[in-house]
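First up is the structure itself, then whatever we jot down about it.
The values are calculated or read from the model by the stated rules, or taken from the named source; none is laboratory data. Model, not experiment: these values are computed from the prediction. All Cβ positions, even for glycine, are placed from backbone atoms using ideal geometry, and neighbour counts span all protein chains on display.
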Amino acid sequence: MKQSYLVGQILYQPRQDGNSNGNIGGHQIYLSTDGATYNLVAYGTFLDDATTKVTTIPPTNARYLRIVALTEAGNRGAWSSAAEIDINVATQAAPGSPAGKGAWGYTVNFPLVPVSLMNIYNGNILAWSSFDPSTFGGASGTQTITAEYFPGTQTVTKALITNTMHDMFCEGLSMDFNGNAIATGGNTASAASIYNSGANTWSKANTLQIARGYQAQLTVSTGNTFTIGASWSGGQGGKNGELYNAAAGTWSLLTGTPVAPLLTADAQGVYRADNHAWLFAWKGGSVFQAGPSVAMNWYGTTGTGTQQGAGTRTGDGDSMCGDAAMYDAIAGKILTVGGSPNYQNSDATSNAHIITLTNANVNPVVTTIANMAFPRAFANSVVMPDGKVFITGGQSYAVPFSDDTSQLTPEMFDPATNTFTQLAQQQIPRNYHSTAVLLPDATVMSAGGGLCGTCSTNHYDGQIFKPPYLYTASGTLATRPVINSVSVTTVKVPQTANPTFTITTNSAVTSFSIVRLASTTHTVNTDQRRIKLTITATSGFTYTVQIPTKDPGQAVPGYWYVFALTSAGVPSVSKTIKLTL
């Protein structure tokens, strides 16, 4: 580029002559200061259309740019073309030391807006949007565009799912005991689909009893799936609870689980008031609803179902599109942050609370803690291996499909002090329709935002965040422990004693944790939770550990990441185990 620039964006414009031949699909993007040593800054797959592809990266000094085309976007032939390639100079300063702040890394380009994300137990990430990669709505409710991200090979593939006749945009989403995703309702409001993680296939499930869109959903301790709410599609009001029987494959209404107690006082009425409930599986097949309504509730999922009020979040109000995360499932600890009184055109709050569960149908203890630094709606929260909670993105004034008032500084909640720390600034706004999940290497993917057609706020990408625990006090990468082996691949939870197994590492560690794999859309993630393991014996670098519960309401069966942590809190790359009944 004849001189060095602080590069913030790389722009690739496909040919503009009406011919799509040569559109770049799979790709890698490198930058260099000297033309000899090139550093990878982004990779993935571009959408096969004529729009300009914008790749935003952490501000990076460079004089040389290299784009490697790996595939032709439409598989039309072994060629590549470009109408124009540009850079934009960064509007942010170059990142400072990652010590205590973490750092943003690779940008992963997707051929769609990743409105929904899920962890596959093989380490990959599955993403999807709607019937279209960039928009939603209309009459085309019979298909879903998906993409799979392969961290190991740093590639992204695309697939069109038509066999389920289901547009899964705005669906209810959760993972069952076998790590399979159950997606319900949404744009095709009565449909249900199941993603088989082992076979990498989708199949059609029996239809819902009540058509829904924007519902919350979760897997309960019995192995069944509970869903409630969702008047965005399928008609408005009366979206009471229903249950999917995993063994029979059927849905049934739970007449004792009314939706009315969890409604917010949204300015748009029930169309928004029953959206995105904060649901948590708990003991005996129970479900705790922590929000976003200021009123909390217990729901029972056995028999015809039950409902019982659980008090209010003292000092808070309705917090639509806020976040709730169970960071300590043994102690029943839930962090709630942000949200706004109304779904849109509403000021967000920075409110924060700790909810502590004991037994089902007992009012929890609600503790108001110091606020976040920034008000946020449409943000995402991720439970970390060390028990902290990473909060990223959001707006201070909630407006769907807008990047105005974006919060670009993430925060980390520390349960040891009940305080929030500001982290390294991100480069890409993550607001309405954004997502975030923990990756098996203990980093985080923050992705998406938009899905509004030709608007300027579609974000066809994710970005990898490396948390502060991966760095030393001097800002260099810390030496990470390695889990050499885990003695079991499956662990039965309801035993006569707490489940026990052994873990062997390559060096001394001081703690272990397990984090359940996640699925998320529209700020809702009912799968993720964390348990700190108890070390009961040590022999060299072999540790006998115990899950300190035998209750599947706390240790919900399914796939979990296993992490080892050093005395400095540096985590290993995870191994994966399956908890079973």
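Do you know which of the residues in segment 224-256 that are β-branched (Val, Ile, Thr) and within 24 Å of the chain's Cα centre (by Cα) is surrounded by the fewest Cβ atoms within 10 Å (Cβ to Cβ)? Show your work before the answer.
Step one: of segment 224-256, the residues β-branched (Val, Ile, Thr) are 225, 227-228, 250, 255.
Right, trim to within 24 Å of the chain's Cα centre (by Cα) and you get 225, 227-228.
Working: 225: 24, 227: 31, 228: 30.
Only one residue tops the list, namely 225.
Return a yes/no flag: does segment 47-62 have any residue that is out of contact with any Pro (no Cβ under 9 Å at 6 or more places or on another chain) and over 24 Å from residue 429 (Cβ atoms).
Taking every residue of segment 47-62 in turn, none turns out to be out of contact with any Pro (no Cβ under 9 Å at 6 or more places or on another chain) and over 24 Å from residue 429 (Cβ atoms).
Provide a single number: the residues in segment 463-482 that are over 30 Å from residue 109 (Cβ atoms) and surrounded by fewer than 19 Cβ atoms within 10 Å (Cβ to Cβ). So that I can check it myself, show each step before the final result.
The first filter runs over segment 463-482 and keeps only residues over 30 Å from residue 109 (Cβ atoms), leaving 472-474, 479, 481-482.
If we keep only those that are surrounded by fewer than 19 Cβ atoms within 10 Å (Cβ to Cβ) as well, we get 472-474, 479, 482.
Count: 5.
Please enumerate the residues belonging to segment 540-557 that are within 25 Å of residue 221 (Cα to Cα), in contact with a strand residue (DSSP E or B) (Cβ under 7 Å, 6 or more places away or on another chain), assigned to a loop (DSSP other than H, G, I, E, B) and free of Cβ contacts under 8 Å to residues at least 60 places away in the same chain.
547
Taking residue 537, is it more than 26 Å from residue 323 (Cα to Cα), assigned to a strand (DSSP E or B) and free of Cβ contacts under 8 Å to residues at least 12 places away in the same chain?
When the stated conditions are applied, residue 537 passes them.
What about residue 440, is it in a loop (DSSP other than H, G, I, E, B), in contact with a Gly (Cβ under 9 Å, 6 or more places away or on another chain) and within 22 Å of residue 529 (Cβ to Cβ)? Working first, answer last.
On the way: in a loop (DSSP other than H, G, I, E, B): yes; in contact with a Gly (Cβ under 9 Å, 6 or more places away or on another chain): yes; within 22 Å of residue 529 (Cβ to Cβ): yes.
Here the answer is yes, as residue 440 does meet what is asked.
For segment 24-38, give me each residue that is touching a residue at least 12 places away in the same chain (Cβ under 8 Å) and either among the polar types (S, T, N, Q) or surrounded by 15 or more Cβ atoms within 10 Å (Cβ to Cβ) (or both).
Those that are touching a residue at least 12 places away in the same chain (Cβ under 8 Å) and either among the polar types (S, T, N, Q) or surrounded by 15 or more Cβ atoms within 10 Å (Cβ to Cβ) (or both): 24, 25, 26, 27, 28, 29, 30, 31, 32, 33, 38.
Tell me which residues, restricted to segment 470-483, are touching a residue at least 24 places away in the same chain (Cβ under 8 Å) and either at positive phi or not hydroxyl-bearing (Ser, Thr, Tyr) (or both).
Going through segment 470-483, the residues touching a residue at least 24 places away in the same chain (Cβ under 8 Å) turn out to be 470-475, 478-483.
Within segment 470-483, 470, 473, 475, 478, 480, 481, 482, 483 meet the criteria.
So how many residues does segment 489-534 have that are hydrophobic (A, V, I, L, M, F, W, C) and not in a strand (DSSP E or B)?
To start, the set of residues in segment 489-534 that are hydrophobic (A, V, I, L, M, F, W, C) comprises 491, 493, 497, 501, 503, 508-509, 512, 514-515, 517-518, 524, 531, 533.
With not in a strand (DSSP E or B) added as a condition, the list becomes 493, 497, 508-509, 517-518, 533.
Number satisfying all stated conditions: 7.
Could you please let me know if residue 485 is of a type in the set (Gly, Ala, Ser) and farther than 16 Å from residue 571 by Cα?
Details: of a type in the set (Gly, Ala, Ser): yes; farther than 16 Å from residue 571 by Cα: no.
No: the conditions fail for residue 485.
The rows are residues; the columns are (1) more than 15 Å from residue 86 (Cα to Cα); (2) modelled with pLDDT of 95 or more; (3) assigned to a strand (DSSP E or B); (4) aromatic (Phe, Trp, Tyr).
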residue: 6; (1), (2), (3), (4): no, yes, yes, no
residue: 11; (1), (2), (3), (4): no, yes, yes, no
residue: 28; (1), (2), (3), (4): yes, yes, yes, no
residue: 35; (1), (2), (3), (4): yes, yes, no, no
residue: 47; (1), (2), (3), (4): yes, yes, no, no
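Can you name the condition, by its number, that residue 509 falls short on among (1) crowded, with 23+ Cβ neighbours inside 10 Å; (2) within 30 Å of residue 376 (Cα to Cα); (3) not aromatic (Phe, Trp, Tyr)?
(2)
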